[in-house]
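One structure is given here, and the rest of the page talks about it.
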Amino acid sequence: MKLNRKDILGIQELSVEEINLILDTADSFIEISTREIKKVPTLRGKTIINLFYEASTRTRTSFEIAGKRLSADTINISASTSSVVKGETLIDTAKNLEAMNPDVIVIRHSAAGAPHMLAGLLRQSIINAGDGAHEHPTQALLDMMTIRAKKGGIAGLKVAIVGDIAHSRVARSNIHGLTKMGAAVFVAGPATMIPRDIEKMGVVVHTRIEEAIREADIIMMLRIQTEREKQNLFPSLREYAQYFSLNRKNIGLARKDVLVMHPGPMNRGVEISPDIADGPHSIILDQVTNGVAVRMALLYLLTGGNS
Amino acid sequence: MEKKKIVMDAEGIDRSLTRIAYEILEKNKGVEELVLVGIRTGGVFLAERLRRKIFEIEGREVPLGILDITLYRDDLQTSHRKPRLGKTDIPFSLNGKKVVLVDDVLFTGRTIRAAMDALIDFGRPKLIQLTVLIDRGHRELPIRADFVGKNLPSSLWEAVSVILTEKNGMDEVVVELNA
């Protein structure tokens with residue numbers, strides 16, 4: 001069985017079978033990162049370029065480690081130190097990279113659709129590492145992998161996603177994925193941060209965190225993008241924390257065995273209180289560990305054997 | 001011409017494994033430092049059976065590991081089909097161990113080459129020995145088995161299948177002519 005596509009652009013277009021194939025493959029990759037010699041020769045001679053137009057620690061490092069553990073050569077380009085500062089367009093940069101014959105290009109860009117444009121333009125496999133407020137498919141895949149590993153499955157679970165839904169590509173990808181896999185998804189956030197017609201994605205909308213997390217199996221907290229404060233989407237971080245943070249008081253509304261997730265980076269004391277982030281319900285660092293395995297799986301499935 | 005020939009039945013397989021278990025113990029002078037590693041999937045079932053037989057003989061459990069060699073294959077770039085990746089599970093160190101690698105059929109030797117590369121990534125075994133139920137010849141690499149259930153001269157147009165109860169509900173080895 002193989003993944004019958006050139007690129008991974010979003011969860012929206014993936015089928016349940018494809019998601020299961022990716023997650024099953026990722027499960028098998030976990031073990032490699034626990035070895036003394038954390039490397040297999042599978043992608044020897046392949047070149048992977050990480051093209052990041054936005055800041056990132058987790059995703060970029062995770063892709064780099066994933067490539068290296070598969071013996072690929074990984075090259076990182078960040079916009080701030082590239083010809084982008086000299087005014088080169090995305091298309092020109094991409095065409096130049098293509099001319100150097102890489103096998104996979106991983107791209108993060110602030111413009112929604114940037115990876116899709118490159119996918120149509122280049123013969124290389126493109127992996128979307130986050131495009132604007134559109135999708136962040138590898139994050140959703142690692143989240144689903146983590147949920148599956150901890151809960152034994154996804155179907156039938158109640159998942160609450162809390163925070164700035166409107167600007168969150170993590171939320172969008174997860175809503176696509178989790179609803180496809182049969183979970184019931186509830187979202188909550190200030191009314192200014194709930195996009196219009198989000199119900200059409202198959203979620204239930206609440207304006208209070210307490211309603212969304214009641215009896216939840218999983219609570220996914222989103223980073224409040226502090227730069228949004230200037231757009232007057234909420235009065236102050238303090239007030240946001242008061243109404244929408246996950247803390248010792250309101251977590252009791254969820255199921256006793258609730259698991260708390262966060263895609264990072266966290267604003268401790270804003271959307272999540274430190275005792276919850278570091279507490280027994282938190283699987284935030286498991287998400288990071290699984291992220292490497294999911295990205296290894298995608299690199300493996302996208303390269304080779306397709307010619 | 002359709003032809004399907006049973007070359008080994010359940011008792012034949014069992015007797016071979018009993019003999020191999022004794023041979024492994026004889027050659028290694030017991031179970032000290034001995035570990036079994038089965039190659040997914042057929043080799044794993046055979047390794048489990050060998051482990052039981054060794055326990056019956058010596059009264060001691062031998063550690064058993066599972067190896068998926070997919071990531072070490074030399075045809076990933078050329079083959080059109082990507083094999084589904086299985087889990088590797090070797091929950092013990094291989095440093096200084098006598099590793100008995102177990103597979104069902106020895107053919108070109110490429111699987112064993114991949115398996116040896118994988119094992120070396122887990123440490124430095126004292127030695128690696130190879131056990132196969134069927135050796136059908138046609139080697140493409142300088143590899144030979146230490147313990148063989150049955151030597152089965154075959155033509156390249158034949159398919160040799162080891163059918164095992166754990167997977168297929170019965171035990172037998174069959175040779176079929178490929179269409």
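Where a number appears in this text, it was derived from the coordinates with a stated rule and is not lab data. Keep in mind the model is a prediction, meaning the values are calculated, not measured. Positions of Cβ are generated from backbone atoms using ideal geometry, with glycine treated the same way; all protein chains shown enter the neighbour counts.
Remarks
- Whichever residue in segment A:41-60 is free of Cβ contacts under 8 Å to residues at least 60 places away in the same chain and surrounded by fewer than 18 Cβ atoms within 10 Å (Cβ to Cβ) and, among such residues, is farthest from the other protein chains (Cβ to nearest Cβ): A:Ala55
- Within segment A:284-307, being among the aliphatic types (A, V, I, L, M) and surrounded by fewer than 19 Cβ atoms within 10 Å (Cβ to Cβ) holds for A:Leu285, A:Val288.
- Among (1) more than 14 Å from chain B (Cβ to nearest Cβ); (2) under 30 Å from A:Ser80 (Cβ atoms); (3) in contact (Cβ under 8 Å) with a residue 24 or more places away in the chain, the one test that A:Lys38 misses: (1)
- Tally of residues being more than 14 Å from chain A (Cβ to nearest Cβ), loosely packed, with under 15 Cβ neighbours inside 10 Å and not in a loop (DSSP other than H, G, I, E, B) across segment B:109-153: 2
- Scanning segment A:11-26 for residues that are small (Gly, Ala, Ser) and surrounded by fewer than 23 Cβ atoms within 10 Å (Cβ to Cβ) gives a single hit, A:Ser15.
- Test: residue in segment A:97-118 that is on the phi > 0 side of the Ramachandran plot and of a type outside the set (Gly, Ala, Ser): yes
- Restricting segment B:89-108 to residues that are of a type outside the set (A, V, I, L, M) and either without any contact (Cβ under 8 Å) to a residue 40 or more places away in the chain or assigned to a strand (DSSP E or B) (or both) leaves a set whose member that is nearest to B:His138 (Cα to Cα) is B:Thr108.
- Where A:Ser71 falls short, out of the listed (1) surrounded by fewer than 20 Cβ atoms within 10 Å (Cβ to Cβ); (2) more than 10 Å from chain B (Cβ to nearest Cβ); (3) polar (S, T, N, Q): (2)
- Identification of helices (runs of 4 or more DSSP H) wholly contained in segment A:214-307 with 3 or more residues that are within 14 Å of chain B (Cβ to nearest Cβ) yields A:284-302.
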